[in-house]
Amino acid sequence: MITETIKKYNYINKSIPRIDSFDKVRGTLQYLTDIKLENALYAYTFRSKIAHGKINGIYTEDAEKVNGVKAVLTYKDIPALNGYGAIVPEIPVLAYDKVRYYGEPLALVAAETQEAAIEALSRIKVDITPLPVVHSIDEALEENAPKIHDKGNIARHTIVKKGDVEKARSSAYIVLERVYETPMQKHMFLEPEGGVAYIDEDGVLNVLAGGQTPYRDKIQISRVLGIPLEKIRVKNTPTGGAFGGKDDVTVQIHLALLAYKTKRPVKLVWSREESGIAGFHRTASKIKLRTSASKDGSLLSNEALIYLDSGAYQSFGPTILDVSIETINGPYRIPNYIIDANLVYTNNGIASAFRGFGAPESNFAIESMMNELADELKIDPIEIRLRNILKSGEVGPFNNTIRHAEGLEEALNRAKELFYRLDPSGPFQRTGVGIAVAIKGVGFGTLPEFPAAAIEIVPEGKVRIMFSNVDYGQGINTGNAQLVAEKLGIPISQIEVLHSDTKFSPDTGGSSASRSTFNGGGALLLACDKALEELKIEAASFFMTKSSDISYKDGNFYYKDKSISIYDVAKRLKARGKSTRFEATFEVPRYQEAVEGTLEVPHMVYMYGVIVTKVEVDELLGKIKPREVDFIADIGNVINPAIAAGQIEGGIIQGLGYSLIEELNYDMNGKPLNINYTTYPVPIISDMPFINAEFIKSYEELGPFGAKGVGEISIIPVGASVADAVADAIGKRSYKLPIVPWKII
Amino acid sequence: MAYERIEVYSPHSLAEALELLSQKQEALRPIAGGTDVMVMIKDGVLKEKELLNLSYVPELNYIKETENKLLIGATTKYREIRRSPLVNAYTPILIEAVRQIGSPQIQNLGTIGGNLGTASPAGDSIPPLFVLNSTVKLQKLGGSREVQIDKFFLGPRKTVRQPDELITEISLEKMEPGSYYFFEKLGLRSANAISIVSAAGIIGLEKTTIKYLRLSLGAVAPTVIRATEAEEEATGKELNENLIHVVAKLASEATKPITDIRGTAEYRKKATYGIIYEALYKIMKGFGKKVEYGVENTG
Ligand SMILES: Cc1cc2nc3c(=O)[nH]c(=O)nc-3n(C[C@H](O)[C@H](O)[C@H](O)COP(=O)(O)OP(=O)(O)OC[C@H]3O[C@@H](n4cnc5c(N)ncnc54)[C@H](O)[C@@H]3O)c2cc1C
């Protein structure tokens, strides 16, 4: 139910141009890897060429002798904890006892010139005894598999269950059992990992590097260097693309360490190939699913055995596993289920956050299963979903009370009108149509979140807004400016967004989990309330009356027929030595307790999406061409339709790459094979199908002006819908992504 | 991550270039557009420390015609080829291939001589050169020779070029007026993709009878190959579905593909069949591309 009817707004629901677009188009926006600091040292990373091995020695003497070299650092130089990782700090900053993936950093070099640094790199010697390499989930699980960590190859194992699956299954009309696999996917952001670091006059260590979560970076740096948080500043914006791949630390700690040790400014930027070798990627998955239903398609039970490939260490692995658990039941009423979820170590780099965060992996399994159930039961694939989706107020599989499920129902009904095959474009083309539904929680589920944000009323006629969500291209700075403009009734041009920077942005958390609008926007609106409350009192003092007689509208305070502008009130406040900066903290609504066996399941607020994918398959060449994609999204109230549609479109094309062509591969020695744009092709503009993005009218009372989130929803169901469309076209179902031509003919 | 000094020689005449090459032989690596060489430098796999920059050698950049042939200078860029009225008129099959090479940026720099020099079995200008019965001119100080295109390549990245020779010219047979042709390339995405399989074909038809067929295949053997058995099978036959099937099958059997991250060997064989089948089917149905020059407009 839309309790607050959607109003006519002045600054939201509007596709205003992104506020950073002018600088970006002109090329004047300075990314952090563009920064040139005077007197800076050039830094490089010495990486392992062995994917798995025991380190016997790292010899740096020769490297240190190179003229111009200022530091050659190994694990011995780490002042405090030699570990980082967003969830468990188990990733060595510099490897010490073992190397566990090809490209793992062993040493850092900083020198006056690039030439000296590279010369020094070539003089570092390591003595590593190679150990057998674990290439895949299957190999990691073998009985005599080499142990990557002392505790073995299972990083996390958990079981989540409800009801009696055996009983449900034995009375079911149909039981299907399938194994689904998805590949490792690279983020391939345009700006590789990099940045600069320096110590300023106040002794503060400044780290300016592309990232997504500056306050967490700060904590991770502080742990490694053993210096207090107040002595560290992290700035992450602007970042040239991230998609989750810069959520955990990439270069930040190395930069900090080098600046701290050399007392000199340092610049460290990974090459494209280093990004390919040592940057993060999406978890590969292998999911065994056994699902049962009654004759009318009602789901009775779901049994899932989930394996995610975490690579050599855990970055976000444990929480990615949680999202894959939450997603494997879809948005469906499933009374009985058992989910056996495993995070597995291999020697394949390090898997970390990537748009969708475990959801695309599980979604491919459950939505492919739904399509096959529909096929087997001869029920329309939209109808079978309509029969199973949870309704508002119902208690979901994870004991959460479902909110606003009407959006999903409406989207499915709309999809009926879009669900048809296109006419083939030639005699060898077969066309097909496929469908899938996506669900994704906004934010961190049951994990406590207390995002803070601030606004400053600048008497000269500006409202400055501050939050630590990073704008890495998704447009959060523009969206949040619109929210504040709407709230205060002042034009966007009067709003100045400061880039996320721990120097002055309160801790709003980072940009991830489609949370920035909900959390950052939520906190900003509270900060606006605080400001108005305080300024109203000041306005009352100006009119010599009481604050309850004062009203506020569109930038002015009113008393009877008189008015004063918000800026003039701020000027008075300031003149009296008071601050015109107002900060507030948003207590994000959540369930207090996680479902047994999970860290953060369930979420309270979900985004929904329905995708209809129309493909054409060349039956002789196996070439799959997605021609049209419809996406109907329920993302709550839409703050900026153009930006939101851009997020939907971007997710779809990234999902098409994931479904059709992208796959990170390693060779027998654990060396990554596709590490740049030549060897790892991503879709380009001419691969874009026609995309029709539609938004359901929807309003989530818990979010700012009814907004939920948008960043991740569209990538999630692409794989299952493509597989379904291809099956419709050529009668062959795919259980493994990517569906490259040679898998289907 | 090699970071080494590289010397670049930029001669302003062919004579000067050949002189340098004869002195330095394999120590000197020719560079034209640099779209392959620069990648090798960046990857640290270029052995040579000295480059012979051909960009300022005026004698190597031209497109000319003789009575039966087109002559293209080695450093002629793809963009120039695409825009050339001569190439468009007499060897439009080359245009088909060139417009699918890389991206506009690559076409602005890349040269046809460079494609031959790289000698990749996936080089996209090469299959058309095979069916155009081309010859490659190799020149050295005080001499030159012409090599037929099918004798030019020895294997992936290997050619008969000697260290003191430059590729200076490619000569192509003009296509017969009214003949049909195709160039098809299969990549993992719609543009800027390395060919998984490519094929070029020219077919001369007398009503529905095949006077001659020339077929070449890329990325399915150590070098680009001609599918001679398929060609012979087709000659003098009726162009119908049965024949197309036989020809496509023979072409597929002529391949010796490998498995790599861009496709399995088995797939390359199947796709060869598919590409040829579809291209000939299109021509049979009257939707093929036709050489237009010299054809009297009877309509
Ligand atoms: C992004 C990208 C996309 C690409 N896409 C394609 C594609 O779709 N299809 C394709 O076929 N290729 C493609 N290529 C490869 C490349 O662009 C072509 O091979 C091009 O023709 C090379 O020409 P060049 O002038 O740049 O060669 P260069 O890099 O200058 O030289 C290539 C080689 O030829 C030698 N050489 C050059 N000129 C001479 C000469 N006159 N005499 C003797 N030796 C010589 C050089 O020594 C070197 O070994 C692509 C490359 C890139 C970077």
query = So what is the relative contact order of the range B:7-53, in percent, for Cα pairs below 8 Å that sit 6 or more residues apart?
reply = 59
request  = Could you point to the residue in B:105, B:152, B:70 farthest towards the positive end of the range B:62-173's charge dipole, with +1 and -1 charges on the Cβ of Lys/Arg and Asp/Glu respectively?
outcome  = B:105
remark   = Cα-based Rg and Dmax for the range B:1-156, in Å, come out at 15.6, 51
Hull volume in cubic angstrom per residue (convex hull over the Cα atoms of the range B:176-221) = 97
remark   = Dipole check, chain A, charges on Cβ (K,R +1; D,E -1), about Cα centroid: among A:108, A:494, A:297 the Cα furthest to the positive pole belongs to A:494
ask   = So which aspartates and glutamates pass the test for residue A:54, namely a Cα distance under 13 Å, with those fewer than 8 places away in the same chain ruled out?
value = A:97, A:104, A:127, A:150
task = Taking the Cα centre of chain A as origin, work out the dipole magnitude from +1 charges on Lys and Arg Cβ and -1 charges on Asp and Glu Cβ, in debye rounded to 20.
result = 980
Average partner coverage of A:685-693, which counts Cβ from other chains inside 10 Å = 2
remark   = Stokes-Einstein D for the range B:180-290 (37 °C, 0.692 mPa s, Kirkwood Rh from Cα pairs), in µm²/s, comes to 237
inquiry  = Helix-only estimate, please: 222 nm mean residue ellipticity of chain B, summing -39500 (n - 2.57) across DSSP H runs of length 4 or more and dividing by its residues, to the nearest 500.
reply    = -9000 deg cm²/dmol
ask   = Separation of the range B:170-202 and the range B:51-67 by C-alpha centroid, Å?
value = 24
task = May I ask you to derive the FRET efficiency for residue A:732 and residue A:54 from their Cβ-Cβ distance with R0 = 51 Å, giving the value to the nearest 0.05?
result = 0.65
task = Would you order A:428, B:152 from fewest to most other beta-carbon atoms within 10 Å of each residue's own beta-carbon?
result = A:428, B:152
Filtered GluC sites (Glu not before Pro), the range A:187-284: DSSP coil and at most 11 other beta carbons within 10 Å = A:201
message = Beyond a 20 Å Cα-Cα separation, which of these cross-linked pairs lie in this structure: A:70/A:263; B:77/B:137; B:207/B:285; A:36/A:263?
response = none
key: Antiparallel %, DSSP beta bridges [both residues in chain A], to 5   = 80
request  = Quick one: grab the alpha carbon gyration tensor of chain B, order the square roots of its eigenvalues as a ≥ b ≥ c, and give me rounded if a/c is under 1.5, else prolate or oblate depending on whether a/b is larger than b/c.
outcome  = prolate
request  = Report, as an integer, the average count of C-beta atoms from other chains found within 10 Å of each Cβ along A:617-624.
outcome  = 5
ask   = Can you put B:22, A:505 in order, fewest other beta carbons within 10 Å first?
value = B:22, A:505
message = Students often forget the sequence filter, so: which aspartates and glutamates lie under 16 Å Cα-Cα from residue B:140 once same-chain residues fewer than 8 apart are removed?
response = B:16, B:19, B:26, B:59, B:164, B:165, B:169
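For peptide A:366-372, what's the mean number of Cβ atoms from other chains within 10 Å of each residue's Cβ?
On the way: counts 0, 0, 0, 0, 0, 0, 0.
Averaged over the peptide's residues, the number is 0.
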request  = Rank A:74, B:248, A:469 by how far each Cα sits towards the positive end of the charge dipole of the protein assembly as shown (+1 on Lys, Arg Cβ; -1 on Asp, Glu Cβ) and give me just the farthest.
outcome  = A:469
query = Among A:545, A:431, A:28, A:60, what is the fewest-to-most ranking by other Cβ atoms within 10 Å?
reply = A:28, A:545, A:431, A:60
ask   = In debye to the nearest 20, how big a dipole does the range B:62-173 give about its Cα centre with +1 on each Lys and Arg Cβ and -1 on each Asp and Glu Cβ?
value = 280
ask   = When only Cα pairs under 8 Å and 6 or more residues apart are kept, what is the percent relative contact order across the range A:100-229?
value = 9
remark   = One finds the C-alpha centres of the range A:387-432 and the range A:45-95 to be spaced, in Å, by 50
query = Considering amide H positions built from the backbone, and no H for Pro or chain starts, which residues 5 or more places from residue B:179, or on another chain, come under 5 Å of its amide H?
reply = B:291
task = Would you kindly derive the ³J(HN,Hα) couplings of the range B:267-278 from the backbone phi angles with the Karplus curve 6.51 cos²θ - 1.76 cosθ + 1.60 (θ = phi - 60°), listing them in order in whole Hz, with x for Gly and Pro?
result = 5, 4, 5, 4, 5, 4, 4, x, 4, 5, 4, 5
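With only alpha-carbon pairs counted, each pair once and no self-pairs, how large is the Kirkwood hydrodynamic radius of the range A:1-105 in angstroms?
Final number for the Kirkwood radius of the range A:1-105 is 19.3 Å.
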query = If the viscosity is 0.692 mPa s and the temperature 37 °C, what translational diffusion coefficient in µm²/s does Stokes-Einstein give for the protein assembly as shown when Rh comes from Kirkwood over Cα pairs?
reply = 104
message = Restricting to DSSP H runs of at least four residues, report the calculated mean residue ellipticity at 222 nm for chain A, -39500 (n - 2.57) per run over all residues, nearest 500 deg cm²/dmol.
response = -8000 deg cm²/dmol
ask   = Say the cut-off is 21 Å between C-alpha atoms; which of A:530/A:578; A:416/A:708; A:231/A:571 go over it?
value = A:416/A:708; A:231/A:571
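Over 30 Å between Cα atoms: which of B:211/B:270; A:378/A:614; A:161/A:246 fall into that group?
Distance filter (> 30 Å) returns A:161/A:246.
Since every read-out is calculated from the coordinates, none of them should be taken as a lab result. Just so it is clear, the model here is predicted, and its values are computed rather than measured. Glycine gets a Cβ as well: all are built from the backbone with ideal geometry, and neighbour counts include every protein chain shown.
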